[in-house]
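Please read the structure below before turning to the comments.
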């Protein structure tokens, strides 16, 4: 039987690895064979799961093996940990990625999945694969499980701050897009971590049509457990929440969401009224060259020089340029005033700009 595959997405730093690790342990305590797959270039998803050990990454192992013309084998990249009191071992893989500034993390994710699929990951004797994904990177590599339907289900992780909710909304919309081109990943809902009871994430979930699966309050003892590479589910009130969620997932008690997500205006209006005014554009005059001000006139040296250059343009270019850049007429308005078509206006304007640039910098 193929493993159940679940991708957890969220903004960096809000507790994805904490949540994924404790869910992995909860499933293992329920007798399930669990593989936790870290899909972040930081390759730290499984560190707590393995008691502080940093696993070799698929990216690094593949590079080393490839340099020696050797194939990557399962024992090279898949690791297990036997934990006292837990009936099943837990398994871990870190896809990894390039060092900072030295490559594309998304490309590393795609390559890593290529290696795992060649090794038959989706036919292994595993009950559940939990994929811990960075959600605030929008390149296609990090959407691999959605784009290729490698994850049967998706869980979003958020806190009550705007940026983490924005990230969750982006993933919701991405999943909706992939559904239009044949994607089959279903959104189970979202988990609210470090819940401060402000209700902001719940308000978003209700507006977007997303289930709230679990709310985890901020708990210093849980943080201390994670910092010491231990499991927060050992704390009864935390363990009860994870057990309830794991049971609902296993029993398929959660109806997948038909979440629409929110467009940008709908999203920002959740946080208050927004200003509908258009932004004020900068002018070419204020950004060109030196800003030395003449005390007597208040005019800038740049302005005087620019005007002198405009005066050297051919009459038709000078006329069109003044209408558009100085009088702020639109292309269509300028065409109507001069009884020419808009294409001609654009051509003349482009010629004027090219000529003006040469004149301005030649002096």
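The values are calculated or read from the model by the stated rules, or taken from the named source; none is laboratory data. As the structure is a computational prediction, the values presented were derived from the model and not from experiment. With ideal geometry, Cβ positions are generated from the backbone for all residues, glycine too; neighbour counts draw on all protein chains shown.
Couple of notes before you dig in:
- Checking residue 286 against (1) part of a loop (DSSP other than H, G, I, E, B); (2) exposed (fewer than 11 other Cβ atoms within 10 Å of the Cβ), the condition it does not meet: (1)
- Number of positions in the range 179-188 that are touching a strand residue (DSSP E or B) at 6+ places or on another chain (Cβ under 8 Å) and not in a loop (DSSP other than H, G, I, E, B): 3
- Scanning the range 216-233 for residues being more than 19 Å from residue 158 (Cα to Cα) and exposed (fewer than 14 other Cβ atoms within 10 Å of the Cβ) gives a total of 4.
- In the range 1-31, of all residues being farther than 21 Å from residue 175 by Cβ and modelled with pLDDT under 90, the one that is surrounded by the most Cβ atoms within 10 Å (Cβ to Cβ) corresponds to 13.
- Of the helices (runs of 4 or more DSSP H) contained entirely in the range 189-279, those carrying at least 3 residues that are within 21 Å of residue 90 (Cα to Cα) fall at 220-227, 236-250.
- Residue list for the range 312-328, restricted to those being in contact with a helix residue (DSSP H, G or I) (Cβ under 7 Å, 6 or more places away or on another chain) and not in a helix (DSSP H, G or I): 312, 313
- Inter-residue pairs, beta-carbon under 9 Å, first closer than 16 Å to residue 285 by Cα and in the range 322-335, second outside any helix (DSSP H, G or I), 6+ apart: 323/329; 324/330; 325/283
- Considered as a group, the residues in the range 287-302 that are touching a helix residue (DSSP H, G or I) at 6+ places or on another chain (Cβ under 6 Å) and farther than 14 Å from residue 353 by Cβ include one that is modelled with the lowest pLDDT, and that residue is 292.
- Of all residues in the range 329-348, those that are outside any helix (DSSP H, G or I) and surrounded by 14 or more Cβ atoms within 10 Å (Cβ to Cβ) total 2.
- With a requirement of 1 or more residues that are modelled with pLDDT under 90 and either within 25 Å of residue 9 (Cβ to Cβ) or in contact with a strand residue (DSSP E or B) (Cβ under 7 Å, 6 or more places away or on another chain) (or both), the strands (runs of 3 or more DSSP E) lying completely within the range 32-117 that satisfy it span 34-39.
- Checking residue 126 against (1) in contact with a strand residue (DSSP E or B) (Cβ under 9 Å, 6 or more places away or on another chain); (2) farther than 22 Å from residue 12 by Cα; (3) in a helix (DSSP H, G or I), the condition it does not meet: (3)
- Verdict on residue 15 being in contact (Cβ under 8 Å) with a residue 40 or more places away in the chain, over 20 Å from residue 113 (Cα atoms), in the same structural domain as residue 130 (by TED's automatic domain parsing) and more than 24 Å from the chain's Cα centre (by Cα): no
- When 162, 197, 148, 184 are checked against the criterion of being within 19 Å of residue 12 (Cβ to Cβ) and either in contact (Cβ under 8 Å) with a residue 24 or more places away in the chain or surrounded by fewer than 23 Cβ atoms within 10 Å (Cβ to Cβ) (or both), a single residue qualifies: 162.
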